[in-house]
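J.: Take a look at the following structure, please.
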Amino acid sequence: MLIRNSVPVKNRPPEHWGLLQVYTGNGKGKTTAALGVALRAAAIGKKVAIIFFDKGGEHYSERIFLDWLGRQKIKGGGRIRYLASGADRIDQKTGRFRFGVTPKDRLEAQKGLRFAASALGGRYDLVILDEFNSSLKLGMISERAGKKLLDNRAGDVECICTGRGAPGWLRRRADLITEMKLVKHYFYRGYAAREGIDF
Ligand code: ATP
Ligand code: MG
């Protein structure tokens with residue numbers, strides 16, 4: 001089937017970057033969707049920064065690839081850089097996930113905010129704030145700090161905020177909201193998080 005774009009090329013508005021996207025909800029796919037956009041943007045020469053909030057430790061397989069990608073030359077000057085903040089949520093001894101918020105979690109969130117403020121200043125075309133929504137929800141980032149961060153971003157920087165529980169003020173500012181809806185998850189049948197699929 002041939003799919004035609006309904007807007008003729010000559011009538012399309014000029015490309016505009018600088019919108020705010022929010023990927024939220026309880027279903028799986030928020031972080032991975034944002035990573036997909038990062039690949040797409042870098043491929044056409046855009047500069048991408050990913051700030052990971054609340055993701056300390058060495059568990060996240062995508063970083064192996066991001067490290068490799070960081071050393072490659074992409075046509076058109078595209079690149080993906082990342083900075084990670086967060087205290088490790090996986091207990092070294094038991095391997096279990098740690099819930100709750102400690103002073104160290106809060107301190108790490110401040111570090112993430114500093115990374116994010118710098119990345120949003122205009123050096124990047126796309127900035128992904130991974131687990132930003134959940135960090136707000138957990139009170140690790142205050143509403144005031146979150147608003148200040150986004151309101152001070154350079155005008156043409158596209159921003160994607162991921163994480164469960166995006167607050168109302170963020171939803172009102174967003175140009176796009178995708179709510180990942182939990183329909184089924186193998187977790188509830190006893191499957192633990194799987195390397196290469198879930199982290
Ligand atoms: P992904 O990183 O796979 O895109 P996500 O960013 O949408 O997932 P998070 O809320 O950040 O999901 O949770 C991260 C981890 O929790 C992933 O391993 C994911 O498979 C798992 N997960 C996602 N949704 C659920 C759920 N409803 N119940 C249990 N585990 C979940
Ligand atoms: Mg996530």
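J.: Compute a Gaussian network model of the chain, connecting alpha carbons closer than 10 Å, and tell me which residue from 163, 56, 95 fluctuates the most.
T.: Result for the chain, Cα springs under 10 Å: 95 fluctuates most.
J.: Still on this structure, please answer the following. Would you tally the net charge around residue 186, using a Cβ to Cβ cut-off of less than 11 Å, leaving residue 186 out, and scoring K and R as +1, D and E as -1?
T.: With Lys, Arg at +1 and Asp, Glu at -1, the neighbours total +3.
J.: Farthest toward the dipole's positive end in the chain, which of 119, 192, 16, given Cβ charges of +1 (Lys, Arg) and -1 (Asp, Glu) about the Cα centre?
T.: So the residue furthest toward the plus end is 16.
J.: Might you report the magnitude of the Cβ-based charge dipole of the chain about its Cα centre, with Lys and Arg at +1 and Asp and Glu at -1, to the nearest 20 debye?
T.: Here the size comes out at about 200 debye.
J.: Report the antiparallel proportion of the DSSP beta bridges in the stretch 20-189 as a percent, rounded to a multiple of 5.
T.: Just about 5 percent of them are antiparallel.
J.: Next question, about the same structure. Please report the relative contact order for the stretch 20-189, taking Cα pairs under 8 Å with a sequence separation of at least 6, and give it as a percent rounded to a whole number.
T.: About 37 percent, as a whole number.
J.: Please order 147, 30, 47 by the number of other Cβ within 10 Å, starting at the fewest.
T.: Ordered from fewest to most neighbouring Cβ atoms within 10 Å, 147, 30, 47 come out as 147, 47, 30.
J.: Given q = 0.13, 0.22, 0.23, 0.29 Å⁻¹, what are the Debye log10 I(q)/I(0) values for the stretch 155-195, with equal point scatterers placed on the Cα positions and solvent ignored?
T.: Evaluating at q = 0.13, 0.22, 0.23, 0.29 Å⁻¹ gives log10 I(q)/I(0) of -0.47, -0.85, -0.88, -1.10.
J.: Against the longest principal axis of the chain, how steep is helix 103-119, in degrees 0 to 90 to the nearest 10, with axes from Cα atoms?
T.: In the chain, helix 103-119 runs at an angle near 10 degrees to the longest axis.
J.: While we're looking at this one, here's another question. Identify, among 44, 68, 85, the residue whose Cα sits farthest towards the positive end of the charge dipole of the stretch 29-89, taking +1 on the Cβ of Lys and Arg and -1 on the Cβ of Asp and Glu, with the dipole about the Cα centre.
T.: 44
J.: Per residue and in cubic angstrom, what volume does the convex hull of the Cα atoms of the chain have?
T.: Values: hull volume 32.3 nm³, N = 199.
Residue-normalised Cα hull volume stands at 162 Å³.
J.: What are the residues whose amide H is under 5 Å from the amide H of residue 84, where those residues sit 5 or more places off or on another chain and H is modelled from the backbone?
T.: Hits under the 5 Å cutoff: 52.
We did not get these values from a lab; they are worked out from the coordinates using the rules stated. Quantities reported herein were computed from a predicted structural model and do not represent experimental measurements. Every residue, glycine as well, gets a Cβ built from its backbone with ideal geometry; the counts of neighbours run over all protein chains shown.
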